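Here's the structure, in structure tokens; my notes come after.
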Amino acid sequence: MNRFILFLTALGFSSQSIADEHNIWRQIREGIGGYSAVTGQESNILIQASGSQWLYIRNELIAGTGAWLLALTVLALAGFFLIRGRVKLTEPRSGERIERWSRSERWLHFYTASLFILLAITGLSLLYGRSILIPWLGHDGFSRFADIAKIIHNYTGPLFTVGLVMMGMIWFQDNLFNKTDLTWFKQFGGLIGDKHPSAGRMNAGEKAWFWLLMIAGVLVSITGMNLDFPNLDQYRLIMQISHIIHSVSAFLLIIGALGHIYIGTIGTEGALQGMITGKVDKTWARQHHDLWYQQHENLTVQKNLSESKKNISTEQNNSGTQI
Amino acid sequence: MARMKFLCDDERCIECNACITACKNEHEVPWGVNRRRVVTIDDGQQGETSISVACMHCSDAPCAQVCPVDCFYTTEDGVVLHDKDLCIGCGYCFYACPFGAPQFPQDGAFGNRGKMDKCTYCAGGPEEDNSEAEFEKYGRNRLAEGKLPLCAEMCSTKALLAGDGDIISKLFSERVVKRQLSQEQQDPESRQVKLWGWKTAYKD
Ligand code: HEM
Ligand code: SF4
Ligand code: SF4
């Protein structure tokens, strides 16, 4: 009998120790930390649980969905161009041109846009290069390319942020939504149908792009800065989340930019000219941004008025001194 | 074909850190890079558990799947190696690896981390076996000399085992069974050999 009880307690002890063992391994798998004499980034953690989840999200969800979305966007734009064609000026050009974008606005636009394209190409190379460029360039060739792409991406990123913030500051006022924008959206901005919905200096579509750029751009910038400085000992989880937000926002931006570039170049007659030379034809202004055009005309009339008044008064002064 | 594995017996690891010293010395691993480390859970409490960990040479390695330049390869022995000439130091392998094995030699500002370094299972790299270039980049190639990884070879308690996965796992399970039996053996008259492990050690 005594022996039997002894046996039972022994069994109890051993199953307890087996349970402890299971417990510790479960905790380790969940990422519990301990002590390590080796210093370094999270060197006291045996297993990080989020690694394989991040891998799945990057390789399957982001790369897979992203490729589909990019392809669909390009197809949709091509299809739209085939069906709708270019949005032409409905009346002949007046020959008179008014200023739409100042010199500094144009510089800022193309500064940020070139950096954006550079960042998009180099960023996408890191994501898709392995499947698209390696068969083409070989492992050695692609590695050399990717090395440069990574350096360009990591250093030009912060420069893009500078442009983004400046755009946000100078175009903020023009991009606040108002009631006119509702009608603009309802009539699809005149892209579908033949209406010419009213718009101020920025139409509702431009405003939507502005806000997408600001929100996704800020996300891309913050997370990009974080990815740029892995020397700050961030937890891997922070880097993984940063990477996911960075890539998802980057895709939103790239898709938005494709639409933006389409509308600004082949999609609309006269738009690109405006951003390059800074001036647009009055006909273009009246068709696309009637409220802004009106305001502009009123302002010129006022300016002319006050200027002629000034002229009159200086003439009087002049004549006064002559006497 | 043998698949090389590491196995660490947490009942035996005494956190002496000799495996780490051996590794650093054998391969002349640069400052700040550690291919192996020992982690102690519940340090200082009764029942603390120490485990030595390095690259586990995964079968379907996450690092290899995520690498943008595809620089990993698995040898015939199942060892996961990488080509430092291709690596661009993006750090993605470190984010994907469950065991924190990939290490980087540089400080990392603006993403400049240098070439990734990790445990090679003492099997060198893509360069010619035991060449100077191989030693420079990856350390000694003991496998090519017919030797097993140094960390496991010199582990004093034989907590760390290295070798063909089938063989070392059999070794380990026999050890576990014996240890369990000798723990349950409460009879002081018993002739049963007691197999050493922390739990048996504390009990005696
Ligand atoms: C605003 C500043 C930005 C910074 C600081 C930045 C920084 C980074 C960094 C550090 C990485 C990780 C790459 C590596 O270290 O190898 C990365 C990846 C990436 N970035 Fe950016 N980036 C910025 C803007 C952008 C923009 C504007 C785009 C796209 C339009 C973009 C698209 C991408 C993509 C697609 C990846 C690759 C993700 C992958 O390979 O899984 N980034 N970025
Ligand atoms: S580096 Fe990490 S993911 Fe790659 S084989 Fe080693 S343990 Fe596995
Ligand atoms: S750091 Fe090197 S080995 Fe690791 S994923 Fe990037 S390129 Fe590949």
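Is it true that some residue in region A:227-235 is modelled with pLDDT under 95, surrounded by fewer than 19 Cβ atoms within 10 Å (Cβ to Cβ) and hydrophobic (A, V, I, L, M, F, W, C)? Checking region A:227-235: at least one residue is modelled with pLDDT under 95, surrounded by fewer than 19 Cβ atoms within 10 Å (Cβ to Cβ) and hydrophobic (A, V, I, L, M, F, W, C). The set of residues from region B:63-110 being outside any helix (DSSP H, G or I), among the aromatic types (Phe, Trp, Tyr) and near ligand 3 (Cβ under 9 Å from one of its atoms) comprises B:Phe72, B:Phe104. Are any of the residues in region B:64-79 in contact (Cβ under 8 Å) with a residue 12 or more places away in the chain, buried (at least 22 other Cβ atoms within 10 Å of the Cβ) and either more than 8 Å from every other protein chain (Cβ to nearest Cβ) or within 13 Å of the chain's Cα centre (by Cα) (or both)? For region B:64-79, residues in contact (Cβ under 8 Å) with a residue 12 or more places away in the chain, buried (at least 22 other Cβ atoms within 10 Å of the Cβ) and either more than 8 Å from every other protein chain (Cβ to nearest Cβ) or within 13 Å of the chain's Cα centre (by Cα) (or both): absent.
Here B:Ser59 fulfils each of the conditions (1) more than 10 Å from chain A (Cβ to nearest Cβ); (2) farther than 26 Å from B:Glu136 by Cβ; (3) away from ligand 2 (no atom under 12 Å from the Cβ) apart from (3).
Residue-by-condition table, conditions (1) part of a helix (DSSP H, G or I); (2) farther than 20 Å from A:Thr161 by Cα; (3) within 16 Å of ligand 3 (Cβ to nearest atom); (4) touching a Gly at 6+ places or on another chain (Cβ under 9 Å):
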| site | (1), (2), (3), (4) |
| --- | --- |
| A:Gly189 | yes, yes, no, yes |
| A:Asp194 | no, yes, no, no |
| A:Trp211 | yes, no, no, no |
| A:Met214 | yes, no, no, yes |
| A:Val220 | yes, no, no, yes |
| A:Leu227 | yes, no, yes, yes |
| A:Ala257 | yes, no, no, no |
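Taking every residue in region A:184-210 that is without any contact (Cβ under 8 Å) to a residue 12 or more places away in the chain and pairing it with any residue that is open to solvent by less than 20 Å² (accessible area, probe 1.4 Å), at least 6 positions away or on another chain, the pairs with Cβ-Cβ distances below 8 Å are A:Lys186/A:Pro197; A:Gln187/A:Pro197.
Can B:Cys151 be described as assigned by TED's automatic domain parsing to the domain that holds B:Ala54, crowded, with 20+ Cβ neighbours inside 10 Å and outside any helix (DSSP H, G or I)? No.
Do you know which residues across region A:20-39 are touching a residue at least 12 places away in the same chain (Cβ under 8 Å) and either over 28 Å from B:Ala22 (Cβ atoms) or not hydrophobic (A, V, I, L, M, F, W, C) (or both)? The answer is A:Arg29, A:Glu30, A:Gly31, A:Gly33, A:Gly34. Screening B:Ile88 with (1) buried (at least 17 other Cβ atoms within 10 Å of the Cβ); (2) away from every other protein chain (no Cβ under 14 Å); (3) out of contact with any strand residue (DSSP E or B) (no Cβ under 9 Å at 6 or more places or on another chain) gives one miss only, at (2). Taking region B:25-38 as the range and being part of a helix (DSSP H, G or I) and surrounded by fewer than 19 Cβ atoms within 10 Å (Cβ to Cβ) as the test, the residues that pass are B:Asn25, B:Glu26. For beta carbons closer than 7 Å, sequence separation of 6+ or different chains, a first residue in region A:249-264 that is assigned by TED's automatic domain parsing to the domain that holds A:His109 and free of Cβ contacts under 8 Å to residues at least 24 places away in the same chain and a second that is in a helix (DSSP H, G or I) and open to solvent by 30 Å² or more (accessible area, probe 1.4 Å), the qualifying pairs are A:Gly264/A:Leu272.
Suppose we filter region A:185-195 for residues that are over 21 Å from A:Gly85 (Cβ atoms) and surrounded by 12 or more Cβ atoms within 10 Å (Cβ to Cβ); how many remain?
If we filter region A:185-195 for residues that are over 21 Å from A:Gly85 (Cβ atoms), which is where we start, we get A:185-186.
With surrounded by 12 or more Cβ atoms within 10 Å (Cβ to Cβ) added as a condition, the list becomes A:185.
Residues flagged as over 21 Å from A:Gly85 (Cβ atoms) and surrounded by 12 or more Cβ atoms within 10 Å (Cβ to Cβ) within region A:185-195 amount to 1.
Of all positions in region B:39-57, none carries a residue that is crowded, with 19+ Cβ neighbours inside 10 Å, in contact with a Phe, Trp or Tyr (Cβ under 7 Å, 6 or more places away or on another chain) and either more than 21 Å from A:Arg236 (Cα to Cα) or aromatic (Phe, Trp, Tyr) (or both).
Pairs please, first residue from region A:146-173 and within 14 Å of chain B (Cβ to nearest Cβ) and aliphatic (A, V, I, L, M), second anywhere and part of a helix (DSSP H, G or I) and away from ligand 2 (no atom under 16 Å from the Cβ), Cβ atoms under 6 Å, 6+ apart in sequence or on different chains. Every condition considered, the pairs that remain are A:Ala146/A:Gly129; A:Ala149/A:Thr122; A:Ala149/A:Ser125; A:Ile152/A:Thr122; A:Leu159/A:Leu115. If the condition is being touching a helix residue (DSSP H, G or I) at 6+ places or on another chain (Cβ under 8 Å), within 11 Å of chain A (Cβ to nearest Cβ) and within 25 Å of B:Gly114 (Cα to Cα), then region B:24-47 contributes B:Asn34, B:Arg35, B:Arg36, B:Arg37, B:Val38. Tell me whether region B:112-123 contains one or more residues that are within 16 Å of ligand 1 (Cβ to nearest atom), crowded, with 20+ Cβ neighbours inside 10 Å and in a helix (DSSP H, G or I). Looking through region B:112-123, none of the residues is within 16 Å of ligand 1 (Cβ to nearest atom), crowded, with 20+ Cβ neighbours inside 10 Å and in a helix (DSSP H, G or I).
The values are calculated or read from the model by the stated rules, or taken from the named source; none is laboratory data. The structure displayed is predicted, hence computed values, not measured ones. Note: ideal-geometry Cβ built from the backbone for every residue, glycine included; neighbour counts use all protein chains shown. Ligands, DNA and RNA are stripped out before the accessible areas are found, and what is left, the full protein with its side chains, is counted by its heavy atoms. Shrake-Rupley method; radii C 1.70, N 1.55, O 1.52, S 1.80 Å.
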